[in-house]
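The values are calculated or read from the model by the stated rules, or taken from the named source; none is laboratory data. Here the structure is a predicted model, which means the values were calculated and not measured. Here Cβ is always computed from backbone atoms with ideal geometry, including for glycine, and neighbour counts include all displayed protein chains. We work out accessible area using only protein heavy atoms, side chains counted, and drop any ligands, DNA or RNA first. Shrake-Rupley method; radii C 1.70, N 1.55, O 1.52, S 1.80 Å.
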Amino acid sequence: MPLNKIVRKLTTKPVWWLETRRPYPIRDAWKCLPPIETHNGPVPFAILTTPRTFNDALWTAWSWLRFLRNAVRLEIYVDGSLTEEMRESLGKLLPGSNLFEATPAIMAEGGYPQHVQSFITDNMTGRKLGLLLALSQRGRFLFSDPDILAFAKPTELLDLLPSSKTGAYFCEETGNNFADGVVARAAQLGITPPESLNSGVVLVPHHSLSQEIANELLQGWQTPPINWVIEQTVTACLMKSAPLVPLPRDRYVVSRARQFYWEPDVDYSKIVARHFTGTTRHVMYMKGMPWILQNLTREKS
């Protein structure tokens with residue numbers, strides 16, 4: 001075996017372990033971003049985050065609002081307690097936007113069926129599904145996870161926002177990433193989830209997410225193996241009820257590129273946005289955020 005392959009084999013996992021666990025001060029560099037005055041646009045734009053990833057959510061919100069500010073109104077939901085620091089940070093970067101604690105906002109809709117309620121309460125991704133269900137009752141909305149950055153004008157998404165009945169979603173890099181048990185239960189109900197749907201960013205039409213169908217799909221969700229993509233699978237099955245547009249996967253990217261140090265990365269100058277899923281979260285800090293700051297510097301010079 002060539003020496004470079006031996007070195008790569010011996011170093012890939014240790015380097016990945018270090019890159020995924022070391023601190024990244026750039027997460028706090030949202031303070032270097034120019035503030036954006038948010039508008040009371042017609043479509044709610046919801047981001048769900050945790051206290052630990054709140055700064056990431058600021059980056060996500062700011063990166064999208066550069067292009068969407070007149071079309072949406074920002075609502076950040078925190079799965080945990082709000083702090084005065086969060087309020088001050090959001091007020092400095094994105095004045096005029098809204099901040100909520102997720103659980104009270106979800107429960108304000110009340111009356112969730114049994115299996116939906118247990119999933120919301122007890123699953124790590126339960127508050128996300130609960131928030132999607134709650135917001136769907138109020139009207140059409142755009143949702144984003146806090147591990148997504150936008151790099152260019154999302155023309156396809158902007159074209160879809162005025163259409164009240166059409167939804168949209170990011171596509172997985174290849175194939176589907178669904179929980180088999182939920183897919184099997186959906187098939188019994190005559191539902192096939194949309195091909196390759198990734199729920200990191202979804203444009204959800206009003207009343208397109210049925211709590212009753214969600215309850216059917218979540219029966220037995222606690223039975224091992226518990227899958228991290230149960231929420232994504234349920235969301236995909238529920239969104240099947242509305243007209244949907246898959247956003248072009250070469251521009252709205254879900255990719256494992258540069259997961260390991262020797263792999264090439266995405267060319268951020270050629271894409272609209274990227275979902276930095278779990279195994280590539282460090283790439284958002286190492287590559288995505290620095291790209292935005294570097295291009296801000298170029299714009300100023």
Projecting the Cα atoms of Leu149, Thr125, Pro162 onto the charge dipole of the stretch 50-175, where Lys and Arg contribute +1 and Asp and Glu -1 at Cβ, the residue farthest towards the positive end is Pro162
Amide H to amide H, which residues 5 or more places from Arg73 or on other chains are under 5 Å from it, using H placed in the peptide plane? Gly41, Val43, Phe45
As an exercise, identify the trypsin sites (Lys or Arg not before Pro) in the stretch 59-135 lying in DSSP coil whose Cβ has no more than 15 other Cβ atoms within 10 Å. none
Whole-Å distance linking the alpha carbon centroid of the stretch 221-288 with that of the stretch 110-172 is 14
I need two numbers for the stretch 1-97: Rg to one decimal and Dmax as a whole number, Cα atoms only, in Å. 18.5, 61
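Assuming 1.567 mPa s and 4 °C, estimate D for the stretch 152-236 with Stokes-Einstein, Rh taken as the Kirkwood radius over Cα pairs, in µm²/s. Can you show the working numbers first?
Numbers: Rh = 14.0 Å.
For these conditions, the coefficient is 92 µm²/s.
Please work out whether the chain counts as rounded, prolate or oblate from its C-alpha gyration tensor, where a ≥ b ≥ c are the square roots of the eigenvalues and a/c under 1.5 means rounded, while otherwise a/b larger than b/c means prolate and anything else oblate? All intermediate terms of the calculation are to be shown ahead of the outcome.
Working: a/c = 1.57, a/b = 1.17, b/c = 1.34.
It comes out oblate by the Cα gyration axes.
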Measuring with a 1.4 Å probe in the full set of protein chains, what accessible area per residue, in whole Å², belongs to the chain? 46
Bounding extents of the stretch 151-301 in its principal axis frame from Cα atoms, largest first in Å, are 58, 38, 20
The percentage of the accessible area of the stretch 13-151 (probe 1.4 Å, all protein chains present) made up of carbon and sulfur atoms, to the nearest whole number, is 53
Ranked from highest to lowest mean number of other Cβ atoms within 10 Å per residue, what is the order of the peptides 37-45, 282-290, 258-266, 197-205? 197-205, 282-290, 37-45, 258-266
Loop-located GluC sites (Glu not before Pro) in the stretch 190-286 whose Cβ has at most 13 other Cβ within 10 Å (DSSP): Glu195
